[in-house]
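One structure is given below, encoded as structure tokens.
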Amino acid sequence: MKILVFFLLCCLSSKSVLSSPGRYEAIFNFGNSLSDTGNFLLSGALAFPGIKNLPYGETFFHHPTGRCSNGRLMIDFIAEVFGLPFLPPYLAVAKGPPVRTGVNFAVVGATALDPSFFYAQKIGPLLWTNDSLSVQLGWFKNLKKSLCTTKQECDDYFKKSLFLVGEMGGNDYIFPFIFGLSVKQLRAWVPQVVGAIARAIRILIEEGAVDMVVPGQFPVGCSAVFLTLLHSPNKSAYDPSGCLKAYNAFFEYHDNYLKQELQKLREEYSHARIMYADYYGASIPLYRTPKHYGFYGGALRACCGGGGPYNYNNSASCGNPGSTACEDPSAFVDWDGIHLTEAAYHFVSKRLFYGGFTSPPLLS
Ligand SMILES: *[C@@H]1O[C@H](CO)[C@@H](O)[C@H](O)[C@H]1NC(C)=O
Ligand SMILES: *[C@@H]1O[C@H](CO)[C@@H](O)[C@H](O)[C@H]1NC(C)=O
Ligand SMILES: *[C@@H]1O[C@H](CO)[C@@H](O)[C@H](O)[C@H]1NC(C)=O
């Protein structure tokens, strides 16, 4: 009996894994530095030239690709799990022959809200890019003309495509927090930021998208950038993992707001499959017990940086003079102060695929 149960569990679950390749013919991704595979680099990377240099890309690709990590990102692991090629950046393929297996519209630094919102708040000049979510949607509509012509043809193709909307919104808060705005001030922005994400989802569904993944936020209060620039002299500002409690609670607040909005969208578009990807929940064990998962460098200290208690130095950030990288990035969670290492992204991806942190599940 035990053997039979084992057999059923084993073979049912491996069947579901084996059936995932071929489930989608294409992936379209919208986002920021968590998923950009080269658009920002192709735009000149003026606000963040360090990304043009090693050690960015030192693992796996062995050269800088425009990805904000030492190696692959979650979008790369998602492409791998479905047996699709890595997503080329839109700006590399926009003028070439149509790419039928998916394109990436994400740009490092991109915001969900338009730049005009930030200029009205006097924090526009801090932005790294103006290629916000609405610009990325414009790129998608432009590309669509080369992919399909009739509505029927587009619907058939997009029905077999996976759309990722985000993570988006992180930068809408991260830049203002660093500028000095408070948690209380930014809470008032959450409905607008989530509203911009919901609007993008509506537009994509109207364009024919059916399956989409909408991720939430990482616990940014655990990042070396926040721990360095927004440090507190008050011990009670930190949780037992050493993360800044108030910022993490803020990013969870965004996630809860987003989840409520997604529920409304599911009711509005019952034919669509809107999957929420819980980046926060999937990554939190890394911060609680990093060594348990082989991250012997811990979770809070960046692998690549210019010194200081968390190895983050604003005037010597990763890829720039004055910074150095750790010997073994796979032993670190934090890559450059704000982005994760390939090993950490791989850990989180596996929990999204197999650990129940995407709901409804991405692989079924
Ligand atoms: C964004 O647009 C504003 C206004 O047009 C411009 O001043 C700014 O330089 C642009 N920023 C970037 C990073 O391109
Ligand atoms: C430290 O933070 C706690 C709660 O966050 C607060 O009650 C306390 O007054 C703070 N102490 C100082 C010295 O700021
Ligand atoms: C940060 O980098 C600057 C420029 O390289 C350097 O002068 C400074 O000492 C560094 N600070 C720390 C805390 O390492």
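The values are calculated or read from the model by the stated rules, or taken from the named source; none is laboratory data. Nothing here was measured: the structure is a model prediction, and the numbers come from that model. Note that we place each Cβ from the backbone using ideal geometry, even for glycine, and neighbour counts take in every protein chain shown. These area figures cover heavy atoms from the full protein model, side chains too; ligands, DNA and RNA do not enter into them. Shrake-Rupley method; radii C 1.70, N 1.55, O 1.52, S 1.80 Å.
Tabulated results
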{"item": "Residue list for region 84-120, restricted to those being closer than 20 Å to Ile197 by Cα and in a loop (DSSP other than H, G, I, E, B)", "result": "Phe105, Ala106, Val107, Val108, Gly109, Ala110, Thr111, Ala112, Leu113, Asp114"}
{"item": "Positions within region 315-334 being crowded, with 21+ Cβ neighbours inside 10 Å and either within 20 Å of His292 (Cα to Cα) or more than 23 Å from the chain's Cα centre (by Cα) (or both), in sequence order", "result": "Ser323, Pro329, Phe332, Val333, Asp334"}
{"item": "Failed item, numbered, when Ile178 is tested on (1) out of contact with any helix residue (DSSP H, G or I) (no Cβ under 6 Å at 6 or more places or on another chain); (2) touching a residue at least 40 places away in the same chain (Cβ under 8 Å); (3) aliphatic (A, V, I, L, M)", "result": "(1)"}
{"item": "The one condition in (1) at pLDDT 95 or above; (2) assigned to a loop (DSSP other than H, G, I, E, B) that Leu46 fails to fulfil", "result": "(1)"}
{"item": "Qualifying positions in region 43-59 - within 15 Å of Gly319 (Cα to Cα), open to solvent by 40 Å² or more (accessible area, probe 1.4 Å) and in contact with a Leu (Cβ under 9 Å, 6 or more places away or on another chain)", "result": "Ala47, Lys52"}
{"item": "Single match in Trp139, Trp128 (criterion: free of Cβ contacts under 8 Å to residues at least 60 places away in the same chain and away from ligand 2 (no atom under 16 Å from the Cβ))", "result": "Trp139"}
{"item": "Residue list for region 273-294, restricted to those being crowded, with 18+ Cβ neighbours inside 10 Å and either within 23 Å of Ala198 (Cα to Cα) or acidic (Asp, Glu) (or both)", "result": "Ile274, Met275, Tyr276, Ala277, Asp278, Tyr279, Tyr280, Gly281, Ala282"}
{"item": "Check on Phe61, assigned to a helix (DSSP H, G or I) and either of a type outside the set (D, E, K, R) or modelled with pLDDT of 95 or more (or both)", "result": "no"}
{"item": "Count of residues meeting criterion [open to solvent by less than 60 Å² (accessible area, probe 1.4 Å), within 20 Å of Arg187 (Cα to Cα) and either part of a helix (DSSP H, G or I) or among the aromatic types (Phe, Trp, Tyr) (or both)] in region 239-269", "result": "11"}
{"item": "Members of region 106-134 that are farther than 13 Å from Ala47 by Cβ, surrounded by 16 or more Cβ atoms within 10 Å (Cβ to Cβ) and among the hydrophobic types (A, V, I, L, M, F, W, C)", "result": "Ala106, Ala112, Leu113, Phe117, Phe118, Ile123, Leu133"}
{"item": "Residues that are outside any helix (DSSP H, G or I), among the hydrophobic types (A, V, I, L, M, F, W, C) and within 10 Å of Ser241 (Cα to Cα), drawn from region 275-304", "result": "Ala299, Leu300"}
{"item": "Top-ranked residue in region 214-235 [being touching a helix residue (DSSP H, G or I) at 6+ places or on another chain (Cβ under 8 Å) and more than 14 Å from Gly337 (Cβ to Cβ); ranked as nearest to ligand 3 (Cβ to nearest atom)]", "result": "Pro219"}
{"item": "Residues (within 27 Å of Asn53 (Cα to Cα) and either among the β-branched types (Val, Ile, Thr) or free of Cβ contacts under 8 Å to residues at least 12 places away in the same chain (or both)) located in region 282-306", "result": "none"}
{"item": "Index of the failed condition, His62 passing every other in (1) touching a residue at least 24 places away in the same chain (Cβ under 8 Å); (2) open to solvent by 10 Å² or more (accessible area, probe 1.4 Å)", "result": "(1)"}
{"item": "Where a residue in region 92-121 is at positive phi and its partner, wherever it lies, is part of a loop (DSSP other than H, G, I, E, B) and more than 16 Å from ligand 2 (Cβ to nearest atom), with Cβ under 6 Å and at least six apart", "result": "Gly102/Leu87; Gly109/Trp128; Gly109/Thr129"}
{"item": "Residue that is farthest from ligand 1 (Cβ to nearest atom), among those in region 295-305 that are among the small types (Gly, Ala, Ser) and open to solvent by less than 20 Å² (accessible area, probe 1.4 Å)", "result": "Gly298"}
